[in-house]
Amino acid sequence: MIGKIIEFSARNKFLVFLFLFFAIAWGIWTIKNTPLDALPDLSDTQVIIYTEWPGRSPDLVEDQITYPIASTLLAAPHVQAVRGFSYLGSSFIYVIFDEGTDIYWARSRILEYLQAVKNKIPADVNPVLGPDATSLGWGFSYAIVDEGRQLDLAQLRSLQDYVVKLGLESVPGVAQVASVGGFVNQYQITVDPNRLSAYNIPITKVMEAVRKSNRDVEGRVLDFSGTEYMVRGRGYIKAVQDLENIAVGASAAGTPVYLKDVARVQLGPEIRRGLAELNGKGEVAGGIVIVRFGENVLNVIERVKDKINRDIAPSLPKGVKIVTTYDRSDLINRSIATLKDEIIKLAIAVSIVCLIFLFHLPSALVVIVTLPIAIIISFICMYYLGVTSNIMSLSGIAIAIGAMVDASIIMVENAHKKLEEWASQGSPGSKTDVIIDAAREVGPSLFFSLLVITVAFLPVFTLQGQAGRLFKPLAYTKTFAMLFSSFLAITLTPVLMTLFIRGKIRPEEKNPVSLFLHVIYEPVAHLALRFRKTVIVIALMIMAVTVYPFLKLGTEFMPPLYEGSLFYMPVTMPGASVAEAGRLLQMQDALLMKIPEVAQVFGKAGRAETATDPAPLEMFETVINLKPESQWRAGMTTEKIKDEMNDALNIPGVANSFTMPIKARIDMLAT
């Protein structure tokens with residue numbers, strides 16, 4: 001069967017090249033459209049239920065909201081775990097589903113079960129689903145800075161909520177833009193109980209009057225001279241005066257009692273559970289762009305930056321600008337570029353080795369041409385199986401490069417041998433027939449040997465959880481690359497052999513490289529065969545010696561990846577106030593900015609306005625963007641920078657911790 005495929009391919013070059021043309025074009029298209037990211041998404045399929053109940057204590061939120069919802073969702077299909085967290089005025093419930101569950105199917109099931117829990121929770125509480133994303137989707141963040149210092153934090157936050165956020169959420173692939181920092185304005189009514197008592201007005205009547213006064217009412221339609229006029233009452237509150245003039249009752253003499261007579265009305269900030277700071281210069285407002293689950297992170301970030309530069313930035317007030325504080329696209333581009341360079345270097349190295357050992361340029365071209373074609377075609381399966389281009393998946397191709405060319409090399413070498421014999425016999429018959437017979441002789445064995453190498457990574461596919469999500473992309477790409485190289489070995493390689501193996505073929509005995517290696521290897525081989533038992537004993541001793549260092553080797557789930565940014569996550573005492581958290585955050589950022597290698601510091605205390613961030617107020621998360629390594633002091637490394645930062649941040653009551661942004665999110669998901 002394999003022999004017939006080899007012969008058919010070699011004698012029907014046009015069909016093979018036509019098939020390859022479409023396969024290569026398809027592969028190039030999939031390369032351009034395959035999602036790019038630095039690492040595979042290690043997050044579980046999860047749905048977040050976020051519930052607000054303002055002003056209630058954590059224990060009340062736990063009893064009235066978190067427990068009833070969590071206990072009901074335990075019965076949902078394919079649910080692996082339900083985790084609930086209760087805070088002041090808010091509840092977070094994370095529902096983890098079985099591996100492979102479709103996220104949108106899971107969200108539909110949760111919505112069904114939330115309908116059944118409505119009668120178990122307070123009537124004024126409305127649980128909502130979080131974005132269809134995880135904290136690993138935090139791909140881009142920014143701060144809104146007023147260089148002219150004309151706007152206060154409340155105005156900056158209003159710009160974020162009503163201009164920047166709405167503009168960015170319209171970008172395809174963005175699940176949510178989470179606001180952080182600044183002040184959210186609200187109307188605050190401070191009631192004087194003595195005045196209420198004097199007018200004999202209960203507080204409930206004041207609340208009801210305010211609630212009923214903040215609405216429009218519609219009337220009928222009037223017809224004048226053939227034209228319709230709609231009648232309506234305008235009642236939405238637009239200023240403090242509108243609230244002050246609300247009638248809440250009447251005095252004994254029948255005089256209306258207005259809200260301003262019994263209370264003080266003002267604009268003030270809402271209770272804050274999070275704040276942001278930039279470069280130790282003071283608080284700012286900002287936002288975090290959360291990329292939708294399964295989207296091409298790089299493309300989404302590029303669209304976000306284009307939206308900011310083209311539409312949003314020109315519409316901001318004079319002196320106000322958007323400062324990028326975290327951009328994962330830099331890491332993605334660097335990671336992919338590094339791996340591409342390594343793959344190209346490996347391919348060149350393999351090609352040079354083939355050229356040296358075959359010592360025949362046209363024959364070496366058989367191997368050199370086959371290698372990139374197999375790599376390109378392997379992206380077709382990657383795209384349709386949803387495997388992203390990242391460090392792990394491209395590493396699979398890098399691992400497979402050496403084995404991908406084995407079959408072509410052996411087939412070419414066998415053809416050289418057969419052509420030597422054919423020439424020594426006077427060159428009877430056709431040279432093409434000799435090459436085809438040589439390929440058919442070793443082709444079937446080589447094809448099945450490559451298939452054996454292909455299935456060597458099958459145990460990796462049995463891994464579950466985060467380990468499976470991390471290593472399966474590598475196994476997929478290595479398997480695809482080997483699979484397509486095995487098919488090319490019995491289709492394209494015979495065709496190229498008949499085209500490229502021309503001219504004088506130098507025998508192996510006259511190859512200077514082979515002669516040199518024979519001179520070195522033959523004495524060693526004779527010595528090993530002469531003292532067989534001694535060689536075996538020495539090998540066993542070396543293997544025994546390696547046992548101790550092997551047992552002392554450390555273990556780690558994922559090797560460290562330098563992301564170009566550091567993530568500072570100090571731990572402080574629980575219960576810190578907003579003012580104290582802001583003071584500590586600014587102090588830390590100012591100290592970090594004194595390190596010469598630091599380009600920018602963006603600190604966050606507490607939570608952003610998103611269900612993917614349940615951080616308490618005493619939890620600090622600071623992104624430290626470093627300068628390019630070319631601008632570092634001589635001899636500085638990432639570890640030395642961390643040590644210098646740790647020494648500088650010697651603050652009582654604060655325990656320092658440094659990591660990387662993506663690694664921190666992965667660790668949070670795991671715990």
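Could you work out how much longer the chain between residue 237 and residue 630 gets when fully extended? Use 0.36 nm per residue separation minus the Cα distance between them, nm to one decimal.
135.8 nm
Figure the gain on full extension for residue 2 and residue 462 (residue separation times 0.36 nm, minus the Cα-Cα span) and round it to one decimal in nm.
162.5 nm
How big is the charge dipole of the chain about its Cα centre, in debye rounded to the nearest 20, if each Lys and Arg gets +1 on its Cβ and each Asp and Glu gets -1 on its Cβ?
With only Lys, Arg, Asp and Glu charged at Cβ, the dipole is about 960 debye.
I'd like the orientation of helix 13-33 relative to the chain: the angle between its Cα long axis and the longest Cα principal axis, in ° from 0 to 90, rounded to 10.
Helix 13-33 sits at roughly 30 degrees to that axis.
For residue 325, what residues show an amide H to amide H distance below 5 Å, using hydrogens built from the backbone and excluding near sequence neighbours?
HN-HN under 5 Å from residue 325: 141, 142, 143.
What is the set of long-range amide H partners of residue 249 at a cut-off below 5 Å, with H atoms built 1.01 Å from backbone N?
257
Can you give the translational diffusion coefficient of region 361-504 in µm²/s, computed by Stokes-Einstein from the Kirkwood radius over Cα pairs at 20 °C and 1.002 mPa s?
132
If R₀ is 45 angstrom, what is the calculated FRET efficiency for the pair residue 552 and residue 102, using the beta carbon separation as r and rounding to 0.05?
For residue 552 and residue 102, the calculated efficiency is 0.55.
With axes computed from alpha carbons, what is the tilt in degrees of helix 361-384 against the longest principal axis of the chain, rounded to the nearest 10 within 0 to 90?
Rounded to the nearest ten degrees, it is 30.
Which entry in (i) 15; (ii) 46; (iii) 39 matches percent of Cα pairs over 47 Å apart derived from the coordinates of this structure?
For percent of Cα pairs over 47 Å apart, the calculated option is (iii).
Among the trypsin sites (Lys or Arg not before Pro) within region 19-91, which fall in a DSSP loop and have no more than 13 other Cβ atoms within 10 Å of their own Cβ?
Sparse-neighbourhood loop trypsin sites (Lys or Arg not before Pro): none present.
Based on alpha-carbon positions alone, could you give the equivalent ellipsoid semi-axes of region 80-207 from the gyration tensor, as √(5λ), descending, whole Å?
Equivalent ellipsoid of region 80-207: 35, 29, 12 Å, largest first.
Please state the relative contact order of region 38-99 as a whole percent: Cα pairs under 8 Å, 6+ residues apart?
In percent, rounded to a whole number, it is 45.
In whole percent, and with a 1.4 Å probe on the protein chains, what portion of the accessible area of region 372-411 is carbon and sulfur?
73
With a cut-off of 8 Å between alpha carbons and a minimum separation of six or more residues, what is the relative contact order of region 34-189 in percent?
Relative contact order comes out at 24 percent.
Between the helical axis of 297-307 and the dominant principal axis of the chain, each derived from Cα atoms, what acute angle in degrees is found, rounded to the nearest 10?
The angle comes out at about 50 degrees.
Mind checking the per residue accessible area of region 194-287 for me, 1.4 Å probe, whole number of Å²?
With the other protein chains kept in place, region 194-287 gives 67 Å² per residue.
Filter the cross-link list 340/478; 345/417; 594/663; 32/340; 321/663 down to pairs whose alpha-carbon distance in this structure exceeds 21 Å.
Checking Cα-Cα distances, 345/417; 594/663; 321/663 exceed 21 Å.
Out of 390, 14, 39, whose Cα points farthest toward the positive end of the dipole of the chain (charges: +1 Lys, Arg; -1 Asp, Glu; placed on Cβ)?
Of 390, 14, 39, it is 14.
Leaving out ligands, DNA and RNA, what percent of the accessible area of region 539-671 is carbon and sulfur, probe 1.4 Å?
Answer for region 539-671: carbon and sulfur cover 63 percent of the accessible area.
Can you grab the distance from the C-alpha centre of region 444-465 to the C-alpha centre of region 139-180, Å, no decimals?
That distance is 50 Å.
The values are calculated or read from the model by the stated rules, or taken from the named source; none is laboratory data. A quick note: this is a predicted structure, and the numbers were derived from the prediction, not measured. FYI the Cβ positions are ideal-geometry reconstructions off the backbone, even for glycines, and counts take in every protein chain you see. Calculation scope for accessible area: heavy atoms of the full protein, side chains included, ligands and nucleic acids excluded. Shrake-Rupley method; radii C 1.70, N 1.55, O 1.52, S 1.80 Å.
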